[in-house]
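The values are calculated or read from the model by the stated rules, or taken from the named source; none is laboratory data. Only a predicted model underlies this, so the values are computations on that prediction, with no experimental measurement involved. Positions of Cβ are backbone-derived with ideal geometry, glycine not excepted, and every protein chain shown enters the neighbour counts.
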Amino acid sequence: MKPYLLYFFPLFSCRFFFSIEPANDIKKLITLGLFSVLSVILVLFVSSSTLEKSEAHNMYSILQANIEHPLRRDAFNVLHRSSKTNYEIMKNIRSSKTYYSRLAESFFVTIPVFLVFISFLVFILMKSKTKYYLIILSVLASVSPLLLHFFGWDMHRWNTLAVTTSFLMLYVLYTSKTKNQLMTTPNNIYPIFIFMIFFNGVSLIDLFDEYYVKQFPFLEHKQYILDFISEKEAFPYVPKH
């Protein structure tokens with residue numbers, strides 16, 4: 001439950017903030033502040049309850065007995081792992097050089113995408129003469145999932161979530177800041193969009209450890225369909241580990 005607090009809560013907070021009239025800034029800050037504190041306390045209280053190790057393993061056994069595809073046993077460990085244990089695991093992971101090389105590869109793919117969204121976001125806020133501290137808060141909310149690098153090892157998920165939240169923040173601000181005005185963007189921004197689509201199209205992130213992911217632009221999907229017809233592949237597709 002903790003990750004969702006960093007996924008979307010900053011986004012929701014900004015959405016509420018921009019939906020209230022500027023004249024109520026002080027009241028708005030106090031209300032959002034109290035709501036945020038109560039939400040954090042509630043999340044921490046609920047997430048502190050974990051299963052016993054035997055219960056988590058029993059859950060794995062029951063589910064695996066009813067599913068044909070192999071489940072990852074270690075995915076059930078988080079159900080009984082304490083915050084302290086998780087911190088020690090992440091501390092050891094971050095001490096590895098391999099971790100940072102993989103993180104750099106992941107950032108190389110995802111950073112250009114959410115930087116484009118954030119640049120549009122800042123452009124809209126500057127055009128609408130928004131206060132600087134609100135611009136900073138909006139940018140931070142856009143990339144809030146990156147904070148999860150300190151708490152969890154699945155780096156690709158955090159980076160791609162930053163793409164998602166930055167796009168959602170851009171949508172929130174566009175719909176709330178451009179209601180009564182025409183917002184035009186520079187023409188030279190369109191080549192950036194074309195490059196971004198191509199850049200993502202030829203990129204492949206190794207999601208879920210060593211599980212194989214079918215490549216975009218779906219040439220391998222076409223091959224899979226042909227292999228399925230010729231009974232060389234099964235349906236549904238089982239990733240090779």
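Summary table
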| read-out | value |
| --- | --- |
| Considering residues of the stretch 108-136 that are among the aromatic types (F, W, Y) and surrounded by 15 or more Cβ atoms within 10 Å (Cβ to Cβ) only, the residue farthest from the chain's Cα centre (by Cα) | F123 |
| Failed item in (1) under 17 Å from S101 (Cα atoms); (2) loosely packed, with under 15 Cβ neighbours inside 10 Å, with L146 passing the rest | (2) |
| Those residues of the stretch 114-163 which are modelled with pLDDT of 85 or more and either among the β-branched types (V, I, T) or outside any helix (DSSP H, G or I) (or both), in sequence order | V116, I118, V122, I135, I136, V139, V143, T160, V163 |
| Only listed residue being touching a residue at least 60 places away in the same chain (Cβ under 8 Å) and of a type outside the set (K, R), chosen from V113, V46, V122 | V113 |
| Selected residue (criterion: nearest to H149 (Cα to Cα)) from residues of the stretch 82-109 that are among the β-branched types (V, I, T) and touching a residue at least 60 places away in the same chain (Cβ under 8 Å) | I93 |
| Residue match in the stretch 83-95 (condition: closer than 22 Å to F8 by Cβ, at pLDDT below 85, over 23 Å from the mean Cα position of the chain (by Cα) and not aliphatic (A, V, I, L, M)) | no |
| The stretch 153-177, subset closer than 14 Å to F18 by Cα and either touching a strand residue (DSSP E or B) at 6+ places or on another chain (Cβ under 6 Å) or among the polar types (S, T, N, Q) (or both), residue surrounded by the fewest Cβ atoms within 10 Å (Cβ to Cβ) | T175 |
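Residues checked against (1) within 20 Å of the chain's Cα centre (by Cα); (2) assigned to a helix (DSSP H, G or I); (3) surrounded by 13 or more Cβ atoms within 10 Å (Cβ to Cβ):
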position: I26; (1), (2), (3): no, yes, no
position: H57; (1), (2), (3): no, yes, yes
position: H69; (1), (2), (3): no, no, no
position: T98; (1), (2), (3): no, yes, no
position: A104; (1), (2), (3): yes, yes, no
